[in-house]
Amino acid sequence: MNNYLKNNRTQGMNLKRWMESRSLANESGVALIVALMLMLVIVTMVPAAMQLTSSEFDRTATFQQDREALAMAEAGLEHAKTMVQYNPISDILDGPDDSYTATADNGTFTTGGSWPTIASSTAVTATSPIDGAVHNYTQVAFNGGNYKIRIWDNDDSALCPAACTAGNTDPYLNTNYEAWVDRDGLVEIEAIGTTADETQVTLHARTKRRILPAYGIAASVTLLGPVAAVKLTSATFDVAGADGAGGSGYDINGNSDTECTGVSGIALETSGSTTVATNAAQWAACTDTICKWFTVPGSAGATGTSGSTPDIIEGSTSFTAADAEALYDDLEPATKADYINTGSASYTLSGGTYGSITDPVTMYFDGELQVSGNVVGYGILVVDGDLKLTGTLDWNGIILIGTCTTCTCPTCPGGLTGNGGITTAGAVLIGNSTVAASTSDFTGTAELNYSCQGIAIANGAFSNTFASVTWRHVD
């Protein structure tokens with residue numbers, strides 16, 4: 001029995017040792033397998049990790065290049081927006097495309113228009129990512145690469161005045177030149193930024209600006225409202241819509257401007273019964289819708305595109321009193337003008353310069369404005385009452401006199417009076433006066449020139465209404 005138990009204990013111990021040895025062996029095997037598996041994972045992951053790091057580096061480099069190209073495109077976009085803001089669209093589209101040449105492409109500017117100019121620019125052609133077509137661009141070197149700019153007018157032909165026809169000699173009223181006449185202030189811009197390593201980003205923006213419709217202003221001086229009284233008996237009163245029959249308008253220096261299509265000297269919104277006076281008694285007794293007294297000899301007085309002297313058109317509907325009121329409302333001069341005078345029957349300007357070509361202003365007077373010194377201005381001058389001149393006024397832009405039908409100032413509506421001197425480059429709009437633009441009240445010296453450049457300066461006074469309507473990144 002004892003031997004039997006002893007043998008069993010011996011066998012049990014041997015079995016335990018065997019099991020322990022087997023367990024140890026198994027553990028060693030498992031450890032070995034785990035170690036081998038870890039080595040395999042490490043060997044597999046190292047190249048992958050190296051490849052991941054390389055991809056991340058590539059993505060980082062690409063991101064940096066895209067950012068650089070985007071910055072270039074944004075620089076081009078801002079440059080183009082400045083051009084759109086301060087230039088007539090016909091000037092912007094100068095260069096390979098002439099302002100009034102009906103070609104398939106209308107989208108570049110290289111001469112810089114009126115201001116500001118583009119330095120060191122080059123005219124190039126390229127394929128647009130927007131429409132896949134080849135267009136003309138202005139290219140400007142920038143930060144080791146370049147940006148290319150293209151600009152074009154949207155289709156706003158639906159806003160073309162009733163006078164627009166395909167055969168009209170006036171490009172502003174000719175539907176063949178739709179791409180060069182901006183009627184709604186909406187202008188398209190494309191800017192392509194390209195880095196030194198040819199990474200490219202394209203931006204497309206639509207801009208909106210409040211524009212004075214030069215195509216609708218039919219004369220150097222427009223008399224708005226139901227009656228008109230025009231007396232030109234002095235050779236020192238000269239209203240010029242063009243530099244000759246069918247000729248051009250003027251620049252702000254009084255020189256012929258071939259980019260500016262000439263207009264009539266004087267336009268009357270009204271038409272109807274007319275009295276032509278030949279003396280003071282007949283003039284004073286006139287009660288017709290239109291009273292005229294002209295004795296100015298030669299080319300002085302009112303000259304324009306018709307070739308007749310005086311050059312005057314009646315029944316003009318291209319720019320009406322309603323248009324003047326809408327313009328007045330858009331300006332909101334009593335609250336938004338740069339210079340404001342309200343609450344007094346009269347205000348006097350004794351001299352000074354107001355605004356500049358690149359920084360035009362809006363000046364507003366809700367009563368009579370007297371100019372007693374030498375005053376120079378750029379932009380928009382709004383006078384609800386009389387504009388009385390005993391000094392000299394040199395204004396580059398738009399003058400609105402008495403165009404507010406809801407104003408209640410003591411002298412509303414107003415007219416041009418005094419014996420001083422006035423020179424204008426742009427357009428003069430006079431409304432709601434029975435003696436509008438009559439030298440029976442103004443006996444001084446006047447040189448009133450129609451100027452597209454002057455109107456463009458006035459457009460600059462709307463700079464606070466300029467904005468990007470849409471903006472997108474073109475893939």
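Read-outs throughout are calculated quantities, based only on the coordinates presented, and are distinct from any laboratory measurement. In this text, all values refer to a predicted model and were calculated from it rather than measured experimentally. Methodologically, a virtual Cβ is constructed for each residue, glycine included, from the backbone with ideal geometry; neighbour enumeration extends over all protein chains shown.
When only the Cβ of Lys, Arg, Asp and Glu is charged (+1, +1, -1, -1), the dipole of the stretch 215-460 relative to its Cα centre reaches about 540 debye. Positive contributions from Lys and Arg (+1) and negative ones from Asp and Glu (-1), summed over other residues with Cβ under 10 Å from the Cβ of residue 195, come out at -3. With neighbour counts taken as other beta-carbon atoms within 10 Å, the residues 400, 186 rank, fewest first, as 186, 400.
Neighbours of residue 226, meaning other residues whose beta-carbon lies under 12 angstrom from its beta-carbon, give a summed charge of -2 when Lys and Arg score +1 and Asp and Glu score -1. Distances between every pair of Cα atoms in the stretch 362-412, grouped in 10 Å steps from 0 to the bin holding the largest one, split as 27, 56, 16, 0 percent. Please arrange 189, 313 by how many other C-beta atoms lie within 10 Å of their C-beta, fewest to most. In order of increasing Cβ crowding within 10 Å: 313, 189.
Each Lys or Arg adds one and each Asp or Glu takes one away; over the other residues whose Cβ falls under 12 Å from the Cβ of residue 296, this sums to 0.
Ordering 157, 244, 233 by Cα displacement along the dipole of the stretch 156-247 toward the positive end leaves 233 in first place; charges were set at the Cβ atoms of Lys, Arg (+1) and Asp, Glu (-1). Across all Cα atoms of the stretch 238-330, the radius of gyration (one decimal) and Dmax (whole number) stand at 15.3, 44 Å. Each semi-axis of the equivalent ellipsoid for the stretch 215-460 is √(5λ) with λ an eigenvalue of the Cα gyration tensor; in descending order they amount to 25, 21, 17 Å. Residue exposure proxy: 470, 270, ordered by other Cβ atoms within 10 angstrom of their Cβ from fewest to most, comes out as 470, 270. Please compute the contact order of the stretch 284-439 in relative form: average sequence separation of alpha-carbon pairs under 8 Å and at least six residues apart, divided by the residue count, as a percent. Reported as a whole number, the value is 15 percent. For the stretch 267-399, the fraction of C-alpha pairs more than 24 angstrom apart is 49%. Projecting the Cα atoms of 262, 308, 321 onto the dipole axis of the stretch 215-460, where Lys and Arg carry +1 and Asp and Glu carry -1 at the beta carbon, places 308 farthest toward the positive end.
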